Every structure is written in C-alpha cells, then in structure tokens.
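Worksheet: the structure to be examined is printed underneath.
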Amino acid sequence: QVQLVESGGGLVPAGGSLRLSCAASGSIFVINAMGWYRQAPGKQRELVAMFTSGGTTNYGESMKDRFTISGDNGKNTVYLQMNNLKPEDTAVYYCRAIVRGGRVYWGQGTQVTVSS
C-alpha cells in the first residue's frame with residue numbers, strides 16, 4: 001500500500017508561482033513512474049508532468065514552458081514548480097504513482113486557484 005500526500009496549493013494572481021509537493025509513503029515498494037495530473041471542473045483529468053517508467057519526463061503541451069517537475073529520491077518526493085500561472089491553470093492537482101506490478105495510486109489532490 002502506498003500513500004501519496006500533496007501540499008502547496010493555494011490562491012495566486014495570474015502571473016504568479018506555486019510549488020507543489022507530493023510525498024510517497026507506505027510499505028516497501030518500488031515506484032516506476034510518478035508525477036502530476038490535474039482536473040478542472042467539468043473537464044477530464046489531464047497530464048501535467050510525469051517521470052515515466054521508461055526514465056523520461058513527459059509534460060502536457062501547454063505546461064512544458066512554464067512548469068518543471070523534479071524529485072528528491074531521499075525523501076521519496078516529487079515537486080512541481082509552476083510559473084507564470086494563468087486562470088486556466090485553476091484545477092485540483094493530483095499526484096500519481098505507478099508501482100512495480102502496474103498498480104496506480106492517486107493522492108487526494110491539492111487545489112490551485114489562479115485569479116484573473
């Protein structure tokens with residue numbers, strides 16, 4: 001069992017920045033992929049940024065130039081630095097992890113609201 005806990009969301013003006021954190025904990029496990037998705041009201045959940053099982057980093061097209069994913073292996077944590085935020089970035093941001101064997105885990109999500 002793996003638990004994912006996000007933090008760092010909040011309310012910011014357009015053009016502002018936030019850094020999200022996701023800490024993984026639980027029983028002994030190996031994480032093969034980890035990153036971030038988001039879901040705005042009335043819209044499907046979409047990729048933000050992900051460290052993939054193939055060792056690459058994928059970004060959603062509209063996020064690549066503004067967002068940066070990073071990790072701290074010692075703390076089993078991933079971060080999402082978000083710069084130049086736009087109102088359309090308003091969403092609940094979810095941490096996602098895939099462990100050895102293919103099981104997918106989701107965090108509870110953290111709200112990001114960008115005012116115009």
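The values are calculated or read from the model by the stated rules, or taken from the named source; none is laboratory data. Being a predicted model, the structure only gives us computed values, none of them experimental. Backbone-built Cβ (ideal geometry, glycine too); neighbour counts: all protein chains shown. Each accessible area value is taken on the protein alone, full model and side chains, heavy atoms only, with ligands, DNA and RNA left out. Shrake-Rupley method; radii C 1.70, N 1.55, O 1.52, S 1.80 Å.
Brief remarks on what is shown
- Strands (runs of 3 or more DSSP E) within the stretch 47-87 that include 3 or more residues within 23 Å of residue 116 (Cβ to Cβ) and in contact (Cβ under 8 Å) with a residue 24 or more places away in the chain: 77-82
- Those residues of the stretch 1-16 which are open to solvent by 30 Å² or more (accessible area, probe 1.4 Å) and either over 13 Å from residue 77 (Cβ atoms) or of a type in the set (S, T, N, Q) (or both), in sequence order: 1, 3, 7, 9, 11, 13, 14, 15
- Condition check for residue 19: basic (Lys, Arg), in contact (Cβ under 8 Å) with a residue 12 or more places away in the chain, under 26 Å from residue 116 (Cβ atoms) and out of contact with any Pro (no Cβ under 6 Å at 6 or more places or on another chain): yes
- The set of residues in the stretch 58-70 being surrounded by fewer than 15 Cβ atoms within 10 Å (Cβ to Cβ), more than 18 Å from residue 16 (Cα to Cα) and more than 11 Å from the chain's Cα centre (by Cα) consists of 61 alone.
- Applying the condition of being in a loop (DSSP other than H, G, I, E, B) and open to solvent by 30 Å² or more (accessible area, probe 1.4 Å) to the stretch 88-107 and asking which residue is modelled with the highest pLDDT yields 90.
- Between 38, 19, the distinction of being of a type in the set (D, E, K, R), open to solvent by 20 Å² or more (accessible area, probe 1.4 Å) and either outside any loop (DSSP other than H, G, I, E, B) or in contact with a strand residue (DSSP E or B) (Cβ under 7 Å, 6 or more places away or on another chain) (or both) belongs to 19 only.
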